[in-house]
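Okay, so here's the structure we're looking at.
Please treat every number below as a calculation from the coordinates, not as lab data. As the structure is a computational prediction, the values presented were derived from the model and not from experiment. As a convention, Cβ positions derive from the backbone with ideal geometry for all residues, glycine included, and neighbour counts pool all protein chains shown.
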Amino acid sequence: MTESIHRASGLVFYLLGTTLIAAYVLMANKIYTAQSAWWLQRADLPFALAAILYGGTSLYLSLNPKQKRVPVLAAFIIIPLAAFFIFLVILNFWESLGLPAGQTMI
């Protein structure tokens with residue numbers, strides 16, 4: 001199960017990463033700027049989720065080479081990664097959640 005999640009998240013990670021790099025290059029060269037900006041704004045959280053899944057499963061597989069079920073190890077990996085993803089979601093939707101905004105520095 002972990003290997004299939006690792007492979008699927010790796011594929012999604014590389015595909016989304018490639019499209020994000022392409023969108024950034026297009027936007028930097030002023031080609032399809034509206035579409036590139038839209039994609040860069042929409043694909044950040046799926047890319048972060050794929051990166052977290054890929055990195056978490058890589059860490060789990062490297063620390064557990066015998067492929068035995070170790071729920072304590074999985075919990076030690078999943079809890080910080082889930083908290084980090086929730087933090088990214090909160091940062092992404094900060095204004096939509098009605099959280100206080102600071103004053104601009106410039």
**Message:** What's the total number of residues in the range 1-49 that are of a type in the set (G, A, S), in contact with a Leu (Cβ under 7 Å, 6 or more places away or on another chain) and part of a helix (DSSP H, G or I)?
**Reply:** 4
**Fill in**
Of the conditions (1) over 22 Å from the mean Cα position of the chain (by Cα); (2) under 23 Å from Q41 (Cα atoms), the single one that V89 does not satisfy is (1)
**Asked** Only one of (1) without any contact (Cβ under 8 Å) to a residue 40 or more places away in the chain; (2) touching a helix residue (DSSP H, G or I) at 6+ places or on another chain (Cβ under 6 Å) is not met by Y60, so which one is it?
**Response** (1)
**Item:** In the range 1-24, the residues that are closer than 20 Å to R42 by Cα, surrounded by 12 or more Cβ atoms within 10 Å (Cβ to Cβ) and either touching a Cys at 6+ places or on another chain (Cβ under 8 Å) or not small (G, A, S) (or both)
**Value:** L11, V12, F13, Y14, L15, L16, T19, L20, Y24
**Request:** Name the single residue, out of those in the range 54-106 being surrounded by fewer than 12 Cβ atoms within 10 Å (Cβ to Cβ) and small (G, A, S), that is nearest to I5 (Cα to Cα).
**Result:** S62
